[in-house]
Amino acid sequence: MIRRDKTNYYLDIAETVSKRGTCLRRNFGAIIVKNDEIISTGYTGAPRGRENCSDLGFCRREQLNIPRGTRYELCRSVHAEANCIISASRRDMIDSTLYLVGIDVKTGNLVENANSCSMCKRLIINAGIKEVVIRDTYDNYRIIQVADWVENDDSLSNNMGY
């Protein structure tokens, strides 16, 4: 029996978390891990008490043909990273790792070139998270040092990195 490496183990858990998502376009799952312990989980969905797009049967951004990576203020959902962060204490997030997996709802495939949006990047920075690991394929992933997001401030450029 071949044992799954620890990084993909955590990404597998984040992928399972994404299955709770309620977005009709892309569902993400996120988990925060520190000292080999899961601190919190989060998935894409409307704020508590509001109807989800999956309940309403439509996505406003899709109706308006809004491209990926833009106009998130029109989205009903709270992103997985944000939900994960608000479920944890900052003390527990300092120097932690956030694992992120995105699934395209229509195809069931992993989201290509997945990344946190600029708002979630700000939340991750302020939470004190050290690195973000993003799944690219079943076995491959990228590790992003959050300090790079601080140094290469995408809010100062026209290219938002999507």
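Values quoted throughout were computed directly from the atomic coordinates according to the rules given, and no laboratory measurement underlies them. What you are looking at is a predicted structure, and each value in this text was computed from that prediction instead of being measured. Because the Cβ atoms are built from the backbone with ideal geometry, glycine has one as well, and the counts that use them run over all protein chains shown.
Show me the three semi-axes of the equivalent ellipsoid for the range 60-99, from the C-alpha gyration tensor (sqrt of 5 times each eigenvalue), largest first, rounded to whole Å. Write down the numbers at each step before the final one.
On the way: eigenvalues 170, 20, 8 Å².
Equivalent-ellipsoid dimensions as semi-axes: 29, 10, 6 Å.
Dipole of the range 18-162, Cα-centred, from +1 at each Lys and Arg C-beta and -1 at each Asp and Glu C-beta, to the nearest 20 debye?
Values: 20 positive and 18 negative charges, 123 e Å.
Computed charge dipole of the range 18-162: roughly 600 debye.
Could you give the radius of gyration (one decimal) and Dmax (whole number) of the Cα atoms in the range 1-87, in Å?
14.8, 49
Considering only DSSP beta bridges with both partners in the chain, what is the antiparallel share in %, to the nearest 5?
Values: 21 of 25 bridges.
About 85 percent, rounded to the nearest 5.
So what is the calculated 222 nm ellipticity per residue for the chain, using -39500 (n - 2.57) for each DSSP H run with n of 4 or more, over all residues, to the nearest 500 deg cm²/dmol? Can you show the working numbers first?
Details: 7 runs with 48 residues, N = 162.
Helix-only estimate at 222 nm: -7500 deg cm²/dmol.
Could you tell me what fraction of 2.2 N^0.38 Å the Cα radius of gyration of the range 93-146 comes to, as a two-decimal ratio?
Details: Rg = 11.8 Å, N = 54, 2.2 N^0.38 = 10.0 Å.
With N residues counted in the range 93-146, Rg over 2.2 N^0.38 Å equals 1.18.
Give the span of the chain's Cα atoms along each principal axis, as three whole-Å numbers ordered largest to smallest.
Per principal axis, max minus min of the Cα coordinates gives 44, 42, 29 Å.
For the range 34-114, with only Lys/Arg (+1) and Asp/Glu (-1) charged at the beta-carbon, what is the dipole magnitude about the Cα centre, in debye rounded to 20? Mind showing how you got there, number by number?
Working: 11 positive and 11 negative charges, 73 e Å.
Its charge dipole is roughly 340 debye.
Provide the packing ranking of 77-83, 129-135, i.e. peptides ordered by the mean count of other C-beta atoms within 10 Å per residue, highest first. Display every interim value, and only then the final one.
On the way: 77-83: 24.0, 129-135: 21.1.
Output ranking for 77-83, 129-135: 77-83, 129-135.
May I ask for the equivalent-ellipsoid semi-axes of the range 40-80, computed as the square root of five times each C-alpha gyration tensor eigenvalue and listed largest first in whole Å?
On the way: eigenvalues 66, 37, 12 Å².
The three semi-axes for the range 40-80 are 18, 14, 8 Å.
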